Amino acid sequence: MTTAYLQTLHLEREPFSTSPDPAFFYKSPEHISVLNRLEIAIRLKRGLSLILGDVGTGKTTLSRSLIQLFDQEDNEFVFHMILDPSFKTETQFLAHLTKLFGITPFFRSTIDYRDAIEKYLYKKTVDEKKTVVLLIDEAQKLQVEHLEVLRTLLNYETNEQKMLQLIIFGQLELLPRIQPMRNFIDRISVKARLNPLDEYQISQMIEYRLRTAGYDSPEPLFAAEAIKKIYEYTRGYPRAIAKICHNALELVLMQDRANVTAEIIDRVIEQDEVL
């Protein structure tokens, strides 16, 4: 959005970007619960956590918000993140992990890679007293052999703790792939599914994003009937909500309207369905 665009709407920032900015992440009671559980699992060094949800339910932004919780504790926690685990082979996956962890020597076999990772984890967790956390987004792209690599890494532990804290975020299609892997399933300490928002939560999400972006008018920018239509069309998926709200604000400006009405949402939906 241009500066003039924002000023006309009494905003300081773009409120409905689909980028995973934790500042604009509306935390529903469900999201807060999952965040709290993940924070506890990391601090207690429980090992493996699995968060599942459909496309657009906020998994990526949730992962960024989780990292943000530990921002002031850099000396104690080391976070690594894989955004796209589309690896073709086990060796390629292990090579990426060693690079991610800052392990630089060249290795000739998968055993070499595994040994190097184990030594890295031991050095960080035992010698340096740090907690190493690996977050994997889009985990439905992981192949079974990659999941086996992760299972092996979870075996690295001292008498007191797991040396790697692994948080996996994936779509629901990941579940049938891991269900036959009993040795993997048994290691999950936190398992949760993110669901779409209800109509009230959508209104709260829209209000939260607008206020975070600087909107301070006492008059609501989105009419109640507009929110109802947003709920019916998006079925409560945050990414879809952000998209339709952004397009609605554009239409409000073009038509010189005071707020987003049900009619505006109908127009946005019509345009969206044509494309």
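Work out, in µm²/s and without decimals, the Stokes-Einstein translational diffusion coefficient of region 227-275 at 10 °C, 1.306 mPa s, Rh from Kirkwood over C-alpha pairs. Could the numbers behind the result be given before it?
Details: Rh = 10.7 Å.
This corresponds to a translational diffusion coefficient of 148 µm²/s.
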(request) Averaging sequence separations of C-alpha pairs under 8 Å and six or more residues apart, then dividing by the length of the chain, give the relative contact order as a whole percent. (result) 28
(request) Identify the residues of region 13-31 with backbone N under 13 Å of a label point that sits 7 angstrom from the Cα of TYR200 along the Cα-to-Cβ direction, or state none. (result) 29-30
(message) Would you work out the Kirkwood radius for region 65-170? I mean one over the mean of 1/r across all pairs of different Cα atoms, in Å.
(response) 14.3
(message) Between region 199-227 and region 68-101, how far is it from one alpha carbon centroid to the other, in angstrom?
(response) 36
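In this model, which of LYS99/LYS162; LYS99/LYS243; LYS162/LYS243 are farther than 29 Å apart at the alpha-carbon?
Among LYS99/LYS162; LYS99/LYS243; LYS162/LYS243, the Cα-Cα distance tops 29 Å for LYS99/LYS243; LYS162/LYS243.
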(request) Once every Cα of the chain carries one equal point scatterer and solvent is ignored, give the base-10 log of I(q)/I(0) from the Debye formula at q = 0.09, 0.12, 0.14, 0.16 Å⁻¹, two decimals. (result) -0.51, -0.80, -0.97, -1.14
(request) DSSP loop (so not H, G, I, E, B), at most 16 other Cβ within 10 Å: list which GluC sites (Glu not before Pro) in region 118-226 pass both filters. (result) GLU128, GLU160
(request) Restrict the search to region 66-101; then list the GluC sites (Glu not before Pro) that DSSP places in a loop and that have at most 14 other Cβ atoms within 10 Å of their Cβ. (result) GLU76
(request) Provide THR125, THR91 in ascending order of the number of other Cβ atoms located within 10 Å of each residue's Cβ, fewest first. (result) THR91, THR125
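Measure up LYS88/LYS130; LYS141/LYS191; LYS27/LYS191; LYS45/LYS124 against 25 Å on the Cα-Cα distance and list the ones that go over.
Cα-Cα > 25 Å for LYS88/LYS130; rest within.
Every read-out reported here was derived from the displayed coordinates using simple, explicitly stated rules and does not represent laboratory data. Because the structure is predicted, anything quoted here is derived from the model rather than measured. No Cβ is skipped: glycine too gets one built from the backbone with ideal geometry, and neighbour counts run over all protein chains shown.
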